[in-house]
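In what follows, a structure is listed as structure tokens, so that the remarks can point back to it.
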Amino acid sequence: MARLKFGAFIAPHHPIGEHPMLQMRSDIQLAKHLDELGFDEFWVGEHHSTGWEVIASPELFLAAVGEQTQRIRLGTGVVSLPYHHPFNVAQRIVQLDHMTRGRVIFGTGPGALPSDAYMLGIDPMTQRDRQDEAIGVIRRLFAGERVTHESDWFTLRDARLQLFPLQEEMPFVVASSISPSGMTLAGKYGIGALSIGSNSEAGLAALPTQWSFAEDAAAKSGNTVRRDDWRVLMSWHIAETREEARAQAGAGLMKWHNEYTVGTLMRPGAQPFTSPDQAVDQTAFVDGAAAVIGTPDDLVAAIRKLHASAGGFGTVLGFAHDWANRENTMRSWDLVARYVIPEIHGLLEGYRTSRQYVIDHRESFERAGQAVLSKIMSHEGAAAALKAGQEGGVAMRSPNAPDLNKAAEALKN
């Protein structure tokens, strides 16, 4: 299996109160920082209400990100297809692909916020079927077909794109939350999936079942789905110690949960937290916790556990949030890049093996010291200089420097 990829997913979730322009600039800076750290993907969502999720056009935002980054892949997470004419979506994505030099991942969804669909006069009962219909049409347009299509919500007459994706094969991904429709669409079209609903205790437990929906739909459609094309969302805030992570994230986590999840979305069953400590404990330190608030080692263990329980996936996406201040948030992502990713990728195994080999085979390397010693002991001035350097405490000792006291004792005998 290919190495696990790492990325970030921003809805975004910003508390009300800060200047929107500065919030957006901060999100662009996060993308630039992640690109410099070597993260693989950066995803941005589409929302039109709630006051907390302020990016209305992921394509427009990612075009700006593309100018500030070099290699990180840029995902629409997601374009809510029932809100748009599919031909216009196809054109915008193709243009974005060219503007970002072929780094686009096209992620779609039916639309997550009921308040968005309500404002647009869209019946929620139609949204998932419309997403399915739009995907089929957009894939044909990307392939260069001339499409005629009559629908109850859009019409195409001999429609053909005049510009095609820069990528030979545009990556398609569908978002999956609670219902099976996202995974079913992934299987139907043989495309990737993004499990956003995994950002909850129930979502984590349901991952194996969710993947089975994709496999079943793929079998019925004569397609295949690959776990390497499956992206799973996790939440984390990382610091050098658990105590620091708790102190940094607690108040912001409580505000996010109480004001957004409970106070705005009014999610069924969600109760407000009464203290930052309770927010951390109930989010990260209960059985089946959906988040990690702790050290790089804690996150390594959680990712390995989730990967094993899900049966494998290709990319883990960290949910970007404002639980901590900007400085500590950036530091958290930095710690993931410096310590978590190399551990998951096995990049440190060679270092550790090499170090242990030297420790375990010390006797095999004594001849190097003996070679140095033979030259030193044959020159009175060199022996005196080396002894003075050792007694004076040099800044950096040679790995081959012999123990003169031990050598002197050997000569006496």
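Full extension of the chain between R355 and R160 yields a length gain of 64.1 nm, computed as 0.36 nm times the residue separation minus the alpha carbon distance.
Around the amide H of I105, modelled in the peptide plane, lie the amide H atoms of L74, G75, T76, all under 5 Å away and 5 or more residues distant in sequence or on another chain. To the nearest ten degrees, helix 296-310 and the longest principal axis of the Cα atoms of the chain are 50 degrees apart.
With all protein chains present, how much of the accessible area of the stretch 229-329 (probe radius 1.4 Å) comes from carbon and sulfur, to the nearest whole percent? Can you show the working numbers first?
Details: 2270 of 4400 Å².
On the stretch 229-329, the fraction of accessible area on carbon and sulfur atoms equals 52 percent.
Would you please give the FRET efficiency between A2 and S378, computed as 1/(1 + (r/R0)^6) with r the Cβ-Cβ distance and R0 = 51 Å, to the nearest 0.05?
Values: r = 57 Å, r/R0 = 1.12.
After rounding, the FRET efficiency stands at 0.35.
Using the Cβ atoms and a cut-off under 15 Å, what net charge is assigned to the surroundings of D116, where Lys and Arg are +1 and Asp and Glu are -1? That works out to -1.
For the stretch 11-53, rounded, prolate or oblate, judged on the Cα gyration tensor with a ≥ b ≥ c (square roots of eigenvalues), a/c < 1.5 rounded, else prolate if a/b > b/c? Let's see the in-between values first.
Details: a/c = 3.36, a/b = 1.73, b/c = 1.95.
It is oblate, given that a/c is not under 1.5 and a/b is not larger than b/c.
Extending 7 Å from Cα along the Cβ direction at S364 and again at T224 yields two label points whose distance is 4.2 nm. Which residue fluctuates the most in the chain, going by a Gaussian network model with Cα springs under 10 Å, if the choices are L22, L161, L60? Most flexible of the set in this elastic network: L22.
On full extension, the segment bounded by L60 and M125 gains 20.6 nm, given 0.36 nm per residue less the C-alpha separation.
With contacts defined as alpha carbon pairs under 8 Å and 6 or more residues apart, what's the relative contact order of the stretch 1-102 in percent?
On the way: 131 pairs, mean separation 29.2, N = 102.
The value is 29 percent.
Any chance you could give the angle, 0 to 90 degrees and rounded to 10, that helix 326-335 forms with the longest Cα principal axis of the chain? The angle comes out near 60 degrees. Sequentially through the stretch 215-227, phi angles give Karplus couplings (6.51, -1.76, 1.60; θ = phi - 60°) of 5, 5, 5, 5, 4, 5, 9, x, 10, 10, 10, 10, 4 Hz, Gly and Pro residues having no value and appearing as x. The phi torsions of the stretch 125-132, fed into the Karplus equation with coefficients 6.51, -1.76 and 1.60 and a -60° offset, translate into couplings of 5, 9, 5, 6, 5, 5, 4, 4 Hz, rounded to whole numbers, with Gly and Pro shown as x. Longest segment of the chain with no trypsin sites (Lys or Arg not before Pro) in a DSSP loop having at most 11 other Cβ atoms within 10 Å? Longest run free of exposed loop sites: 72-396. A straight chain from Q29 to T50 at 0.36 nm per residue would run longer than the Cα-Cα distance by 5.2 nm. Taking Cβ atoms as reference points and 12 Å as the exclusive limit, the residues near A56 contribute a net charge of -4, counting Lys and Arg as +1 and Asp and Glu as -1. Could you tell me whether the stretch 220-347 comes out rounded, prolate or oblate from its Cα gyration tensor? Rule is a ≥ b ≥ c as square roots of the eigenvalues, rounded for a/c under 1.5, then prolate if a/b exceeds b/c, otherwise oblate. Oblate shape, in that a/c is at least 1.5 and b/c is the bigger or equal ratio. Residues whose amide H lies under 5 Å from that of A193, counting only those 5 or more places away or on a different chain, are V174, W230, R231; hydrogens are built 1.01 Å from N in the peptide plane.
As a check on your grasp of the helix formula, calculate [θ] at 222 nm for the chain: sum -39500 (n - 2.57) over DSSP H runs of n ≥ 4, divide by the residue count, round to the nearest 500. Could the numbers behind the result be given before it?
Numbers: 17 runs with 193 residues, N = 413.
The per-residue figure over the chain is -14500 deg cm²/dmol.
The alpha carbon centroids of the stretch 226-245 and the stretch 314-382 are separated by 23 Å.
FRET efficiency for the Q68 to Y118 pair, using the beta carbon distance and R₀ = 56 Å, is estimated at 0.95.
Before I look further, what does the stretch 1-73 give for accessible area per residue, probe 1.4 Å, in whole square angstrom? Kindly include the intermediate steps, with their values, before the conclusion.
Working: 3010 Å² over 73 residues.
Per-residue value: 41 Å².
GNM on the chain, alpha-carbon springs under 10 angstrom: the most fluctuating residue among P58, P268, P86 is P268.
Scanning the chain for GluC sites (Glu not before Pro) lying in DSSP loops with no more than 14 further Cβ atoms inside 10 Å, the longest uninterrupted stretch between such sites is 241-413. Here r is the Cβ-Cβ distance between Q278 and D152 and R0 is 45 Å; the resulting FRET efficiency, rounded to 0.05, is 0.40. Report, in whole Å, the centroid distance computed from the Cα atoms of the stretch 95-124 and the stretch 251-278. First find each Cα centre; the distance between them is then 27 Å.
For Cα Rg over 2.2 N^0.38 Å, the choices are (1) 1.28; (2) 0.94; (3) 1.02; which was calculated from the structure? Entry (1). Inter-label distance, D334 to I178: 3.9 nm, where each label sits 7 Å from its Cα along the C-beta direction.
Couplings 3J(HN,Hα) for the stretch 250-255, derived from phi with the Karplus relation 6.51 cos²θ - 1.76 cosθ + 1.60 (θ = phi - 60°), are x, 5, x, 4, 4, 5 Hz, where x marks Gly and Pro.
The values are calculated or read from the model by the stated rules, or taken from the named source; none is laboratory data. This one's a predicted model, so the numbers in the text were calculated from it and none came from an experiment. Glycine also receives a Cβ, built like all others from the backbone with ideal geometry; neighbour counts cover every protein chain displayed. To get the accessible areas, we keep the full protein, side chains included, count just its heavy atoms, and leave off ligands, DNA and RNA. Shrake-Rupley method; radii C 1.70, N 1.55, O 1.52, S 1.80 Å.
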